[in-house]
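Worksheet for the structure shown next.
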Amino acid sequence: MACLICSATLPANPSPAAGEDDPVDDLASYLAQARDISYTRHWREAQIMLDKISDQIDPSDPGAFAEFHLLKARHLVLADQLSEGLDRASMLLEHELAPEPKLRTLQFAANTAVLLRNYELAFDHLLNALQIEPEVEDTAATIATYNMAAYMFGRVGEHERAMTYGELAVERAVSTGKANDECITRQRLAPVFKWASRTEDARAEYRKAIAACQDAGNRLFVGVVQYGFADLLNQLERPEEAYRLVNTAIATLKSAEWPIGEHEARLHRAQIQHRLGVLPENIDAELEALSEYFTTRELFDQLAQTEELRARIAGDNGEHELANRHLMRFLDARERFLSRDRAMLMAYLQVEFDLRTKEQQIDLLREIARLAELEVETTRQQRRARTIILFLSVGLLALLVALLVRTFQARQHFRELSRRDRLSGLANHGWFFERADAMIQEARRFHESAFLVMADIDNFKQINDSHGHVLGDQVLGQISRRLREAFGEEALIGRIGGDEFAVLVSGQDETKVIEAINQFTRAGPGSSRADDPTPTLSFGVALMQPEDDLVGLRQRADAALYQAKAAGRDRFIISGPEY
């Protein structure tokens, strides 16, 4: 998890500011000292300093006014009052601010909006920050903008754009010669490489980030980078190294008083322990505590990982009923997380679309202004001028029509992007289940049968690890093509996760569904190279019952898929009253 708004290193017991009763003559110097304490020692100590001068702050001194309220907003967020902090930043942005404080306020507002899951507002502030960044000479302020852009574009899958901003931030941070600047920028860039599956670059960047953060004495970011690196090592089949590093990260984060990071690192440790077969006796209590913590804070990605691990442990112990309960919780948490991810992507697309529309409107206004000037000139030229006005009016009408067509096409393009998985061309998670719900309602209305097929590529991680992600992507494409060939055009087919697929078939009996699955199995991998992997799929099939809604149908199909995998993979299990 990226540390969006946090202090650098925090002492165990903050000390109050000295001379509380002394008047403050130089507000600028005093606020600079408070800001330094807020970022390098403890924000509560800085807040004591701000309380002392609250009566001296006036909008007539815009520099002091902006610095004071931006620090107050930061302290509100760190005190878990996120909405109040964002409101104060919004108030600041309503004032006329110089480029540098305006840029820092936009950065803060964007980060806080992400924490509040208001992604459209977050991207709006980010794009505004990127627009005014060239006006700011302070290198530190521009570094923070690029850091924020790297994280947010990386989150929505714009990896190339994210890496460009991340590398610019690192380059500027190195030029300052400040270890803490380099620490923070590399901490942001390393996970972007990981999200983009550039594992060698990610590994090198994590090592550099740890070294820079240790040089800076920034314990908090040392811990954040350590457990991010541990997660990467675990993905690279190096669990022993990952286990040692994640234990170090937990101790570091605990001493730095960053509880969210500490709990995420503890989850990583439990996953690695399960992989190594060294689960401690208190693992059930540990995972229960983690589940409660992530649930309370609505951290659904981490909650889904926790419940999936609990399901696996219960399955290993032969407790299949308990495993199914944790599996249902995993599915619910993952759906909530994916809904937020989709919301973030749609917010990004909408802000991008609105920005382009505004640019078109500005161009149109400029054209109208130019035409108005021409009209004044044409009044002096009588008939010849009227002819020019007529032709220009026709041209303006054509321009308006072209802009409307482009706007409509852009909207259609973004709608299609939000519905289709880019790699496979199949329906994505959100569009599949939206269409599936409508198809189930229609089947029930016409008294037709409906089958939901959930499928998962067997041992897909081994394919990626042994043959690389490029071949893994090719396998996903081949699987998608074979599913379309086997189930036909009338079936709704979607890629709903990394290596997970779903098919909804209505108006057919189970014989047709089983025949389609067998046809898929007989079709083979579609590759002629001898050393290519031969992927297989496990299927779970559920027949819609009269009382079923989409959630119930999906739960039974997922449970059947879980049984198929537990029974040895490369097979199908049907869930229904007669099975």
message: Treating only the Cα positions of the stretch 172-223 as identical point scatterers, give the base-10 log of I(q)/I(0) from the Debye formula at each q in 0.18, 0.28 Å⁻¹.
response: -0.50, -0.99
query: Counting only residues 5 or more places away or on other chains, whose amide H sits under 5 Å from the amide H of Arg420 once H atoms are built in the peptide plane?
result: Asn428
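Using the crude model of +1 on Lys and Arg Cβ and -1 on Asp and Glu Cβ, and no other charge, please compute the dipole size for the stretch 27-267 relative to its Cα centre, in debye to 20.
For this selection, approximately 800 debye.
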- request: Can you tell me the FRET efficiency between Gln214 and Arg44 if r is taken as the Cβ-Cβ distance and R0 is 30 Å, rounded to the nearest 0.05?
  value: 0.70
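Over 27 Å between Cα atoms: which of Lys102/Lys208; Lys52/Lys178; Lys102/Lys254; Lys102/Lys194; Lys208/Lys254 fall into that group? Numbers along the way, then the final one.
Details: Lys102/Lys208 31 Å; Lys52/Lys178 31 Å; Lys102/Lys254 34 Å; Lys102/Lys194 32 Å; Lys208/Lys254 22 Å.
Checking Cα-Cα distances, Lys102/Lys208; Lys52/Lys178; Lys102/Lys254; Lys102/Lys194 exceed 27 Å.
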task: Name all residues of the stretch 537-558 having a backbone nitrogen under 15 Å from the label point set 7 Å from the Cα of Arg571 along its Cα→Cβ direction, giving them as ranges.
output: 537-541
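Among 121-134, 82-95, how do they line up from the highest to the lowest mean number of other beta-carbon atoms within 10 Å? Spell out each step's value before the answer.
On the way: 121-134: 19.6, 82-95: 17.5.
Answer by packing, highest mean first, reads 121-134, 82-95.
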query: Could you give the Stokes-Einstein D for the stretch 13-164 in µm² per second, using the C-alpha Kirkwood radius, 37 °C, 0.692 mPa s?
result: 202
task: Pull out a ≥ b ≥ c, the square roots of the eigenvalues of the alpha-carbon gyration tensor of the stretch 75-176, then state rounded if a/c is under 1.5, prolate if not and a/b is larger than b/c, and oblate in the remaining case.
output: oblate
- request: Pull up the cross-link candidates among the lysines for Lys512, meaning alpha carbon to alpha carbon under 24 Å and not fewer than 8 places away within one chain.
  value: Lys565
message: Whole-Hz ³J(HN,Hα) for each residue in the stretch 226-235, computed from phi via Karplus 6.51 cos²θ - 1.76 cosθ + 1.60 with θ = phi - 60°, x for glycine and proline: what do you get?
response: 4, 6, x, 5, 4, 4, 5, 4, 5, 5
Computed label-point distance, nm, for sites Arg419 and Glu292 using a 7 Å Cα→Cβ extension: 4.5
Integer Hz, Karplus 6.51/-1.76/1.60 couplings in order for the stretch 295-300, x for Gly and Pro: 5, 4, 9, 6, 8, 6
field: Cα gyration tensor shape for the stretch 461-540, rounded if a/c is under 1.5, else prolate or oblate
entry: prolate
message: Output wanted: per-residue J couplings in Hz (rounded whole) for the stretch 263-279, from phi through Karplus 6.51 cos²θ - 1.76 cosθ + 1.60, θ = phi - 60°, x for Gly and Pro.
response: 5, 5, 5, 5, 5, 4, 4, 4, 5, 5, 4, 5, 5, 7, x, 10, 5
Set of the stretch 451-486 residues, backbone N closer than 20 Å to the point 7 Å along the Cα-Cβ line of Glu547: 451-452
query: Taking the stretch 278-342 on its own, what percent of its Cα-Cα pair distances exceed 20 Å?
result: 25
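Just so you know, all these numbers are worked out from the coordinates, no wet-lab data involved. Because the structure is a prediction, the values reported are computed rather than measured. Glycine also receives a Cβ, built like all others from the backbone with ideal geometry; neighbour counts cover every protein chain displayed.
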